[in-house]
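Enquirer: This is the structure, below, for whatever I ask next.
Values in this text are rule-based calculations from the coordinates and carry no lab data. Quick caveat: nothing in here was measured; it's all calculated off a predicted structure. Because the Cβ atoms are built from the backbone with ideal geometry, glycine has one as well, and the counts that use them run over all protein chains shown.
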Amino acid sequence: MKRIKKILKSMLLIIAFLFGLSFVSVIAYRFIPVYFTPLMVIKAISSGYGINHQWVPLEQISKNMQKAVVRSEDAKFYMHYGFDFEAIKKAQEYNKRHKKKKGASTITQQTAKNVFLWPSRTYVRKGIEAYFTILMELFWSKERIMEVYLNVIELGPGVYGVEAASKKFFKKSASKLSVGEAALLTAVLPNPIRLKAARPSAYVLKRQAQIIGRLNRPVEPVVDDEFFETKSDDDTEEAEENPAADEPELGDLLTQ
């Protein structure tokens, strides 16, 4: 009995330590740049691509890029508190009708995954992602979330952040990105290993055109038929577009 109590006490101490560490990490990253993440390191080791990353403050990233990712990835970013439940519902309805699954993660959720977590497609990881999403929305401003997001997203094999991608693909700083260049980088976000900004396929160019079109339209949910139902039978790139789409969504957790 004493041994069981000792084990339980040790487990509680570990849990308390992990919770404390998560709070400290989130609060610390509210102020300091994120120069590397567990995801970067794990991918660098497993893929051999290395890490090409350069942090820049948000004011040194083109407004075109900021607007492009919002309109493509999370149209209600500045309106929600970490979760877009309408988008989640639409994604669930879409997934019931289609074999290829689509996700509805917000920019905050994607940032939580990219900064604090590891590559995995489990309910446990998704639950921890939701926890970090709540902490980030509590302690970070929307501008800070956008700043970190644009500095850690993968935009090519081993290429992390808009500044590194802009210099590699366009030979210019992220502050100089045009609307078309910003839309092109955003177009490869679903799968930056397979979809290439340097040599865009017809599918990537199609997505680029859709994103440019969205920049001139009123804010609307990103989970809609226009973006989902664009697949042709022979479009093998899109068939492999989003390896994260098979991950469980928050709605799946709530309905279990």
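Enquirer: Out of the residues in region 162-173 that are small (Gly, Ala, Ser) and surrounded by 24 or more Cβ atoms within 10 Å (Cβ to Cβ), which is nearest to Leu195 (Cα to Cα)?
Expert: Of everything passing the filter in region 162-173, Ala165 is nearest to Leu195 (Cα to Cα).
Enquirer: Only residues that are loosely packed, with under 11 Cβ neighbours inside 10 Å and at positive phi: list them for region 23-54, please.
Expert: Gly48
Enquirer: Glu147 is checked against (1) in a helix (DSSP H, G or I); (2) surrounded by fewer than 21 Cβ atoms within 10 Å (Cβ to Cβ); (3) of a type in the set (D, E, K, R) and fails just one. What number does that condition carry?
Expert: (2)
Enquirer: Looking at Lys142, Lys176, can you tell me which residue is over 13 Å from Val69 (Cβ atoms) and among the basic types (Lys, Arg)?
Expert: Lys176
Enquirer: Shifting gears a bit: In contact with a strand residue (DSSP E or B) (Cβ under 6 Å, 6 or more places away or on another chain), assigned to a helix (DSSP H, G or I) and over 26 Å from Phe31 (Cβ atoms): is that true of Leu185 in this structure?
Expert: yes
Enquirer: Starting from residues that are surrounded by 21 or more Cβ atoms within 10 Å (Cβ to Cβ) and of a type in the set (Phe, Trp, Tyr), keep the ones in region 84-137 and report whichever is farthest from Gly158 (Cα to Cα).
Expert: So the residue we want is Phe132.
Enquirer: Mind checking whether some residue in region 5-22 is on the phi < 0 side of the Ramachandran plot, of a type in the set (Gly, Ala, Ser), in contact (Cβ under 8 Å) with a residue 60 or more places away in the chain and surrounded by 10 or more Cβ atoms within 10 Å (Cβ to Cβ)?
Expert: yes
Enquirer: Taking region 150-180 on its own, how many of its residues are touching a residue at least 12 places away in the same chain (Cβ under 8 Å), farther than 30 Å from Phe19 by Cβ and not in a loop (DSSP other than H, G, I, E, B)?
Expert: Of the residues in region 150-180, 16 are touching a residue at least 12 places away in the same chain (Cβ under 8 Å), farther than 30 Å from Phe19 by Cβ and not in a loop (DSSP other than H, G, I, E, B).
Enquirer: For region 31-118, please list each of the helices (runs of 4 or more DSSP H) lying entirely inside it that holds at least 2 residues being free of Cβ contacts under 8 Å to residues at least 12 places away in the same chain.
Expert: Those helices (runs of 4 or more DSSP H) span 38-47, 85-97.
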